[in-house]
Every structure is written in C-alpha cells, then in structure tokens.
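Colleague: Mind looking over this structure? Questions follow.
The values are calculated or read from the model by the stated rules, or taken from the named source; none is laboratory data. Quick caveat: nothing in here was measured; it's all calculated off a predicted structure. When we count neighbours, we look across all protein chains shown, and the Cβ atoms used for this are built from the backbone with ideal geometry, even at glycine. Protein only, heavy atoms only, side chains kept; ligands, DNA and RNA dropped before computing areas. Shrake-Rupley method; radii C 1.70, N 1.55, O 1.52, S 1.80 Å.
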Amino acid sequence: MIRRVAALVALTAGLAAVGWGVRSAVSGGSSQPPPPPPPAVAAPRPKTLHIVFPEGFTRRQMAQRITAVDKIARSKRGVTPTLSAARYLAVTASSRIPGRFARDGKRRPLEGFLFPATYAFTSRTTAPRLVADQLKTFRREWSRVSVRYARSKNLTPYDVVIVASMIEKEVRAPSERPLVAAVIYNRLKARMRLEIDATIRYALDVPPTESLHQSQLRDPTPYNTRMHTGLPPTPIANPGLPSLQAAAHPARVDYLYFVRKPDKIHHFFTASARAFYAYERAHGY
C-alpha cells in the first residue's frame, strides 16, 4: 500500500511538470498570462476637399465646376469623389421649393436657390448632400432679406430671386446693384420690355464673351426679354446676398435705361430715351 501511494504521488508530480512545460512553451517560457490583443486602429478620415461656386454661376456652370474639381481630386489628391455633374443636374432639375416662393406650388429647377459659396466635401459626399448644403446656406442668407417692399409692388419672393439673378449677371460695380434693380422695377411698372440680353444668353447658352446675333435676338424663347414683357420664367443664375438685397430694395430713382460704359464695368443710367440713344450713338453701340 505504501509503495502504491508513493507511485501515485510520483505520477501526479510528473504530470504537473509536463503541464507546466506545455504552458511555458505556449507562453514563451513565462508563467504570466499572454498580453491582451492590440487595440483596433481607427480607419483614417477621408480627405476634405473644397469646391468654389462664384456668385452668378448657373446650374450648368456649377455642374461643370464639379467635373473640373473631380478631375483635380483624382489626379492631384488621389481621391475618387462620389460627386458627379450628371447626378447634380438631375437632383437640381425639379423641386417644390421655387413653387413655394412663387406661391403656385409648381415644380421648377433649383436655379436661383443653389447658393454660391465655398463648400467642403469628401470622397463620400453625394450630389444630394451638396445640394442640401447649398439650400441650407440659401435659407440662412435669405432670412436676412426683407421682401416687404417687393410685395408692395406685387412681386413674389420668387420674382425677387429672378430680379436678383439678372442683377448678378449685369452688374460688375457693386454700387450699381440697386440702380439696375430700380430700372427693372420701373420697367415692370410701365409695362415695358426689360430688354436684358443676359436672359437670352442664359436660354441659348451664349457666353458673355460672344456677341449675340440678330437671329438670337429674335429667338422666341420665353427668356427673350427683348420680345416678351415681364420677368423671365425662372432665375438665370444663382445670386449672392448683395444682389438678393438689391432686388428687394431697389434705389428710389426714375431710371428706365442703362447701358455699359466703355470701361465695361460701370453703366450709364437715365430716365430719358433720347439721352440713352444719344449715349449709344456717341460710343458706337
């Protein structure tokens, strides 16, 4: 019995030694427990890029800018954007927002409401997200515009955006914005055609660096303010805050005519048709 007990003790000690050896081999010869796994490394944040939409850009020009920025992002920043011009044009092609401003509920393009500014985006930013950012900025800036005077002249908020878009395309000297607005208001009141060629350029996609041909001036498009009285059907650009404010608060003057001066920056304004045509003749227009 004593020999059996001694043998059992020896066997137990041997097995314990073997087990300790196995644990030592697994743990590198240490009796300490294995270290915890390293913490997971967070995925790097996507690169932030920027896109600039100047005041007066049209929906088409903004889409073209997206294409240009996408190309730069791929070639110089190693980023493949989700943004695309085609998707941007599709998203902005029809919305109920203009109808609420016009108070008729009709769907229209978002021209005029895509606020011009600098916007940040990443490879994950979609066209609807960018448009939502532009509309958010428009709402913020529009809250600073009072349309009380425009309403007194029977203009809707949508009309104010249309007038602002024409101001944006016509004016280079900031001080002339309220003066151009006054000419538009006065002509609307007198039921005179506006005769603003920027509306024709918008409809026919003619850049300002090209002269308009007689055939284009006679084009029956509803944007031809040489042929049709009243405002064009939609805004012709996306105006900034100064033009929106000028459109809501025109100068209190009686001007009915304006023409660009030879410096191609300022305008000559007058209430007299005779003075207007005399100025045109004197400067070879």
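Colleague: Which whole-number percent is the relative contact order of the chain (Cα, under 8 Å, 6+ apart)?
Modeller: In percent, rounded to a whole number, it is 18.
Colleague: Leaving out ligands and nucleic acids, and using a 1.4 Å probe, what accessible area per residue does the chain come to in Å²?
Modeller: 59 Å²
Colleague: In addition: Using Cα-Cα distances under 8 Å and only pairs 6 or more residues apart, what relative contact order does region 152-285 have, in percent?
Modeller: Dividing the mean separation by the residue count of region 152-285 yields 33 percent.
Colleague: So how do 219, 263 rank on accessible area, 1.4 Å probe, biggest first, that is with the largest at the start?
Modeller: 263, 219
Colleague: Mind listing which trypsin sites (Lys or Arg not before Pro) in region 126-226 are in a DSSP loop and have 10 or fewer other Cβ atoms within 10 Å?
Modeller: Values: sites: 129, 136, 139, 140, 144, 148, 151, 153, 169, 172, 187, 189, 191, 193, 201, 218, 226; in loops: 144, 153, 172, 191, 193, 218, 226.
For trypsin sites (Lys or Arg not before Pro) across region 126-226 that sit outside H, G, I, E and B with at most 10 neighbouring Cβ atoms in 10 Å, the list reads 144, 191.
Colleague: For Kirkwood radius over Cα pairs in Å, one of [x] 20.5; [y] 23.3; [z] 19.2 was computed from the structure I shared and the rest are decoys. Which label?
Modeller: So the structure-derived entry is [y].
Colleague: Let me ask you something else. Select from 132, 239, 36 the residue farthest towards the positive end of the dipole of the chain; place +1 on Cβ of Lys and Arg, -1 on Cβ of Asp and Glu, and compute about the Cα centre.
Modeller: Highest projection toward the positive end goes to 36.
Colleague: Further question on the same structure: Probe radius 1.4 Å, ligands and nucleic acids left out: which of 274, 77 has the largest accessible area, and how do the rest follow? Show your work: numbers first, answer last.
Modeller: Values: 274 200, 77 100 Å².
Largest accessible area first, the residues go 274, 77.
Colleague: So, R0 is 25 Å and r is the distance between the beta-carbons of residue 146 and residue 89; what FRET efficiency does that work out to, to 0.05? Mind dumping the intermediate values first?
Modeller: Details: r = 32 Å, r/R0 = 1.30.
In this case the efficiency is close to 0.15.
Colleague: Here is a follow-up. For the chain, what % of the accessible area comes from carbon and sulfur atoms, probe 1.4 Å?
Modeller: For the chain, the apolar C and S fraction of the accessible surface comes to 56 percent.
Colleague: Given Cα pairs under 8 Å that are at least 6 residues apart, what percent is the relative contact order of region 110-168?
Modeller: Details: 24 pairs, mean separation 20.4, N = 59.
Worked out over region 110-168, it gives 35 percent.
Colleague: Can you give me the solvent accessible area of residue 197 with a 1.4 Å probe, rounded to the nearest 10 Å²?
Modeller: Approximately 40 Å² of residue 197 is accessible to the 1.4 Å probe.
Colleague: Report, as a whole number in µm² per second, the diffusion coefficient that Stokes-Einstein gives for region 56-101 at 4 °C and 1.567 mPa s using the Kirkwood radius over alpha carbon pairs. Intermediate results must be reported in sequence, preceding the final value.
Modeller: Numbers: Rh = 11.8 Å.
Approximately 110 µm²/s, per Stokes-Einstein.
Colleague: Taking only pairs that are 8 or more places apart or on different chains, how many Lys pairs in the chain have Cα atoms under 29 angstrom apart?
Modeller: Lysine pairs satisfying the spacing and distance rule in the chain number 18.
Colleague: Can you sort 249, 267 by solvent-accessible area, 1.4 Å probe, largest first?
Modeller: Numbers: 249 90, 267 10 Å².
Final ranking, largest accessible area leading: 249, 267.
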